[in-house]
């Protein structure tokens, strides 16, 4: 039987993932997931491939949506925390999709800029669920068995599924069974997700999720044993959108329809 094995969110896009015992899937996805993002000095959004003196994977974010308070914890234990106060309006280009937002005033920009070695600004999109690569991909899913198969093909003990930065982990099936859900509705706990497409991966997946150092040639390994979709897409996991909101907890059943 298929079930939810883990749930992870990143309150700030590009920072460390945080595991959750349960999340609520709304029409826009999970409120606490990618609610904030970072811009560099040129106004471009920052991700795991942005050149920085130190990678941001080790910075952990905790956001309390009720109190609207954000806390960032840096690898050396330094904490930057305060209530969220919105400042000037900005527009962020997410791969050709322009999203309006507001710069977040407070201690975070200075702390992040000092850590990363270049000027950074913290931004919140005006609407939740918009700081994502694709609006029809607010729910990303991958199975533990797929990660295990990748490790086997790579000749390593553990591929560390965190490198794929997915929302929902599933266990109890076959490797890459989730690929067969494209075009289908999948009940996950109380919610229903319509799976749209396989996820085309990039070089971020080659980096260690704790250190940001390149430690596994995921793209080559996946291409070697799975081939390419179309001319260039190296796929791993699937994504879709919420068509039936509801709560999802670790241990809940996963039922493709």
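The values are calculated or read from the model by the stated rules, or taken from the named source; none is laboratory data. Just so you know, these numbers come straight off a predicted model, no measurement behind them. Every residue, glycine among them, receives a Cβ derived from its backbone with ideal geometry; neighbour counts consider all protein chains shown.
See the values below:
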| read-out | value |
| --- | --- |
| Any hit, the range 80-97, residues being at pLDDT 95 or above and either assigned by TED's automatic domain parsing to the domain that holds residue 139 or out of contact with any strand residue (DSSP E or B) (no Cβ under 9 Å at 6 or more places or on another chain) (or both) | no |
| When residues of the range 196-242 are limited to those that are surrounded by fewer than 15 Cβ atoms within 10 Å (Cβ to Cβ) and part of a helix (DSSP H, G or I), the one nearest to the chain's Cα centre (by Cα) | 203 |
| Test result for residue 153, in a strand (DSSP E or B), touching a helix residue (DSSP H, G or I) at 6+ places or on another chain (Cβ under 7 Å) and surrounded by fewer than 22 Cβ atoms within 10 Å (Cβ to Cβ) | no |
| Residue within the range 225-239 that is closer than 24 Å to residue 32 by Cα and at pLDDT below 95 present | no |
| Flag for residue 82 being more than 21 Å from the chain's Cα centre (by Cα), over 22 Å from residue 50 (Cβ atoms) and not in a helix (DSSP H, G or I) | yes |
| Residue match in the range 40-55 (condition: modelled with pLDDT of 95 or more and in a strand (DSSP E or B)) | yes |
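Let's see how each residue does on (1) surrounded by fewer than 19 Cβ atoms within 10 Å (Cβ to Cβ); (2) in contact (Cβ under 8 Å) with a residue 24 or more places away in the chain; (3) touching a strand residue (DSSP E or B) at 6+ places or on another chain (Cβ under 9 Å); (4) within 16 Å of residue 204 (Cβ to Cβ):
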residue: 21; (1), (2), (3), (4): yes, yes, yes, no
residue: 29; (1), (2), (3), (4): no, yes, yes, no
residue: 34; (1), (2), (3), (4): no, yes, yes, yes
residue: 48; (1), (2), (3), (4): no, yes, yes, yes
